[in-house]
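Everything on this sheet refers to the single structure shown next.
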Amino acid sequence: MKSLRELYRIGRGPSSSHTIAPGRIAAYALAKYGHVPYRVRLFGSLALTGRGHGTDRVIREVLGDRAEIIFDTGRRDLPHPNYMEIYEVTENGEKLLFTAVSPGGGAILIDGRDPDISGEVYPEQNFSEVCKSLIDLGITLPEYVRLREPGICSYLLDIWNAMRESVERGLSRDGVLPGGLSLERKAHSLISENSKYEPSLMHESRRLSAYALAVAEENADNGIVVTAPTCGSAGILPAVLYYMYRDYGVREGEILDALAVAGVIGNTVKQNASISGAECGCQAEVGVACSMAAAALAQIYGLGTDVIECAAEIALEHNLGLTCDPVCGLVQIPCIERNAMASIKAMSAVMLARSLAKKQKVSFDSIVEVMYRTGLDMNSDYRETSAGGLAKFYTAK
């Protein structure tokens, strides 16, 4: 498995696969071929939802306004749902420079290869192997991450600061989000609401939801967020961590340990399945983020590795089959509210895991495999194409 630096990325929303990765691909082209006339062909989900996600905008920001962007929605025989081809326009037509894939979370593949040179940092390939190493070495999950990545703490601090700032920015802002849906920001008003007769559980859920909405709204407004594991699910892990930090006084060092543990969970899914909504639906984004947040919270509570695994498994299991059907190709409906709901679900998963861990029947590795198979079996209309579900049947009020 690769470094957590390649799981947690700081960048602009609204989509890690549709904006961050295409921006990196365009930068690769510019660095290798210079300021030539470019033609970029987008296929699959990049073509179907690229306009709503701002893929063309990001590519032109890097390659210049003269870059020609073609949204090819007809081709079906694709090596990946997020596939693109980059050409140089010549006097005789066009010359293919390279092909590229955006596999999720801001990662990129150029001509089938990963241009990142960090290589494999973690020799373990799944969570079962990680647990075996913990036993053999006599260490905890945070210690395991620090052992494999000695310099990771300073990077995780940068990640935490970016997450915290995205929550606080989102809470301070109101107004209408761009894109044409006329969707108003809700985090600011939600955090300010109070009811005399509100049960304590509802009060706590409202605060947690406000934190998640704050980040998700920042993401929808092209703000700076952290892929955790994607931009579309960027509000879930920060919401849970900020809630524990702001409302319960959890120390920064404990937050960094929680980020490390959540990173192992996200890395395991990325290695063995997918974190791409275009490949496996929203279960691969919001579902995995919920699982990461549950694992992080279990770590903050000082629970053992078995409970951490159980919490992560419960959180992912109960997001199985979640479709990716963004209305108008925007990361707004239903994406923003899903961040809030998943943050609450992560808390519930930990509550259940504390009682059920010793009776757990399903391993985390097993549920990862189930999620992946479910995603591959899912109708393409429900995998970030905006061709089915809410995207098809939504009507503005």
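Tabulated data for the structure shown
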item	result
Non-local Lys pairs in the chain, i.e. 8 or more apart or on different chains, that have alpha carbons under 27 Å apart	21
Cα long-axis angle, helix 152-172 against the chain (0 to 90 degrees, to the nearest 10)	90
Estimated [θ] at 222 nm from DSSP helical runs (n ≥ 4, -39500 (n - 2.57)) normalised by residues in the chain, nearest 500	-15500 deg cm²/dmol
Mean accessible surface per residue for region 348-387, computed with a 1.4 Å probe while every protein chain stays in place, in Å²	59
Protein-only accessible surface order, largest first, of ASP221, ASP377 at 1.4 Å	ASP377, ASP221
Part-to-part distance (alpha-carbon centres) for region 257-328 and region 24-43, which is given in Å	33
Solvent exposure of region 129-269 as accessible area per residue, Å², 1.4 Å probe	41
Under the Debye formula (equal points on every Cα, no solvent term), log10 I(q)/I(0) of the chain at q = 0.12, 0.14 Å⁻¹	-0.88, -1.19
Heavy-atom accessible surface of the chain: percent carbon and sulfur, 1.4 Å	51
Convex hull of region 329-397 built on C-alpha atoms - directionally averaged projected area, nm²	6.4
Accessible area of region 1-91 divided out per residue, in Å², using a probe of 1.4 angstrom	42
Cysteines, the chain, no other Cys beta-carbon under 4.7 Å	CYS131, CYS153, CYS231, CYS280, CYS290, CYS310, CYS328, CYS335
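The values are calculated or read from the model by the stated rules, or taken from the named source; none is laboratory data. Bear in mind the structure is a predicted one, so any value in this text is a computation, not a measurement. Every residue, glycine among them, receives a Cβ derived from its backbone with ideal geometry; neighbour counts consider all protein chains shown. The protein model used for the area step is the full one, side chains on, heavy atoms only, and it has no ligands, DNA or RNA in it. Shrake-Rupley method; radii C 1.70, N 1.55, O 1.52, S 1.80 Å.
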